[in-house]
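Peer 1: This is the structure, below, for whatever I ask next.
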Amino acid sequence: MHGGADQAALETAHRVGHPDNAAAFVDDCLIRGEKVMGMGHREYKVLDPRARYVRQFAEELSAGTPLEVTAQSLMAIENRFTERMREKNKPLYANLEFCKGIVYAAAGLPPDFFTVTFAQARVWGYIAHFIESRRDNRIIRPSARYVGKTPPA
């Protein structure tokens, strides 16, 4: 799941087809207990601070292009999911991956390359984790904890 939700979210938006179909799609997923890929994050219990900027970038890049309806469908999925989670008093928000597929697609990257592109950007961090773990089989985790701000209701 790490780094692959961008492709899955983009494929979901294509399946949904139009923002008007998003609410029914999200409701159906929740009834069936299915994940909405790109929603929620293990570390961030508030809106992923990076996601806000990626969403804005996705909206700007898709405006006036064939990706515009896909991006609008993603935003509608996010809005409905967030609304439904608030109703359940279980706040979950989009993570970085949710809108990143639109950015990659606007750059001309095929969806099959999304995860490997993510991995290439992270390779030095992966190597550092490997080196750290070789010493005592532990990965160093920062002691700082991001608490962020909850988006307005």
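Peer 1: Only one of (1) crowded, with 18+ Cβ neighbours inside 10 Å; (2) free of Cβ contacts under 8 Å to residues at least 12 places away in the same chain; (3) of a type in the set (S, T, N, Q) fails for residue 95. Which number is that?
Peer 2: Of the numbered conditions (1) crowded, with 18+ Cβ neighbours inside 10 Å; (2) free of Cβ contacts under 8 Å to residues at least 12 places away in the same chain; (3) of a type in the set (S, T, N, Q), the odd one out for residue 95 is (2).
Peer 1: Residues in the range 68-83: is at least one of a type in the set (Val, Ile, Thr), out of contact with any strand residue (DSSP E or B) (no Cβ under 9 Å at 6 or more places or on another chain) and within 17 Å of residue 22 (Cα to Cα)? Please lay out each step first, then the result.
Peer 2: Start the filter on the range 68-83 by keeping residues that are of a type in the set (Val, Ile, Thr), which leaves 69-70, 77, 82.
Narrowing further to those that are out of contact with any strand residue (DSSP E or B) (no Cβ under 9 Å at 6 or more places or on another chain): 69-70.
Narrowing the set further to residues that are within 17 Å of residue 22 (Cα to Cα) leaves 69-70.
Taking every residue of the range 68-83 in turn, at least one turns out to be of a type in the set (Val, Ile, Thr), out of contact with any strand residue (DSSP E or B) (no Cβ under 9 Å at 6 or more places or on another chain) and within 17 Å of residue 22 (Cα to Cα).
Peer 1: Residues to consider are 66, 111; find the one that is under 19 Å from residue 14 (Cα atoms) and surrounded by fewer than 10 Cβ atoms within 10 Å (Cβ to Cβ). Full working, then the answer.
Peer 2: Working: 111 fails: surrounded by fewer than 10 Cβ atoms within 10 Å (Cβ to Cβ).
Answer to the selection: 66.
Peer 1: Given the residues 28, 48, which is the only one that is among the charged types (D, E, K, R) and farther than 23 Å from residue 116 by Cα? Break it down stepwise before answering.
Peer 2: Details: 48 fails: farther than 23 Å from residue 116 by Cα.
Every option except 28 fails the conditions.
Peer 1: Is there a residue in the range 72-90 that is buried (at least 21 other Cβ atoms within 10 Å of the Cβ), out of contact with any Leu (no Cβ under 9 Å at 6 or more places or on another chain), part of a helix (DSSP H, G or I) and hydroxyl-bearing (Ser, Thr, Tyr)?
Peer 2: Yes, some residue in the range 72-90 is buried (at least 21 other Cβ atoms within 10 Å of the Cβ), out of contact with any Leu (no Cβ under 9 Å at 6 or more places or on another chain), part of a helix (DSSP H, G or I) and hydroxyl-bearing (Ser, Thr, Tyr).
Peer 1: Moving on to the next point. Would it be correct to say that residue 36 is assigned to a loop (DSSP other than H, G, I, E, B), buried (at least 20 other Cβ atoms within 10 Å of the Cβ) and either aromatic (Phe, Trp, Tyr) or at pLDDT 90 or above (or both)?
Peer 2: Values: assigned to a loop (DSSP other than H, G, I, E, B): yes; buried (at least 20 other Cβ atoms within 10 Å of the Cβ): yes; either aromatic (Phe, Trp, Tyr) or at pLDDT 90 or above (or both): yes.
Here the answer is yes, as residue 36 does meet what is asked.
Peer 1: Same structure again: Restricting to the range 30-51, what's the tally of residues that are under 17 Å from the mean Cα position of the chain (by Cα), over 13 Å from residue 97 (Cβ atoms) and free of Cβ contacts under 8 Å to residues at least 24 places away in the same chain?
Peer 2: The number of residues fulfilling the criteria is 1.
Peer 1: Any residue at all in the range 40-50 that is in contact with a Pro (Cβ under 7 Å, 6 or more places away or on another chain) and either among the acidic types (Asp, Glu) or not in a helix (DSSP H, G or I) (or both)? If you could, list the steps in order and put the result at the bottom.
Peer 2: Taking the range 40-50 first, the residues in contact with a Pro (Cβ under 7 Å, 6 or more places away or on another chain) are 47.
Among the residues that remain, those that are also either among the acidic types (Asp, Glu) or not in a helix (DSSP H, G or I) (or both) are: 47.
Yes, some residue in the range 40-50 is in contact with a Pro (Cβ under 7 Å, 6 or more places away or on another chain) and either among the acidic types (Asp, Glu) or not in a helix (DSSP H, G or I) (or both).
Peer 1: Within the group 113, 98, which residue is within 16 Å of residue 35 (Cα to Cα), modelled with pLDDT under 95 and in a helix (DSSP H, G or I)?
Peer 2: Going through 113, 98 in turn, just one is within 16 Å of residue 35 (Cα to Cα), modelled with pLDDT under 95 and in a helix (DSSP H, G or I): 98.
The values are calculated or read from the model by the stated rules, or taken from the named source; none is laboratory data. Everything numeric in this text was worked out from a predicted model, so none of it was measured. Methodologically, a virtual Cβ is constructed for each residue, glycine included, from the backbone with ideal geometry; neighbour enumeration extends over all protein chains shown.
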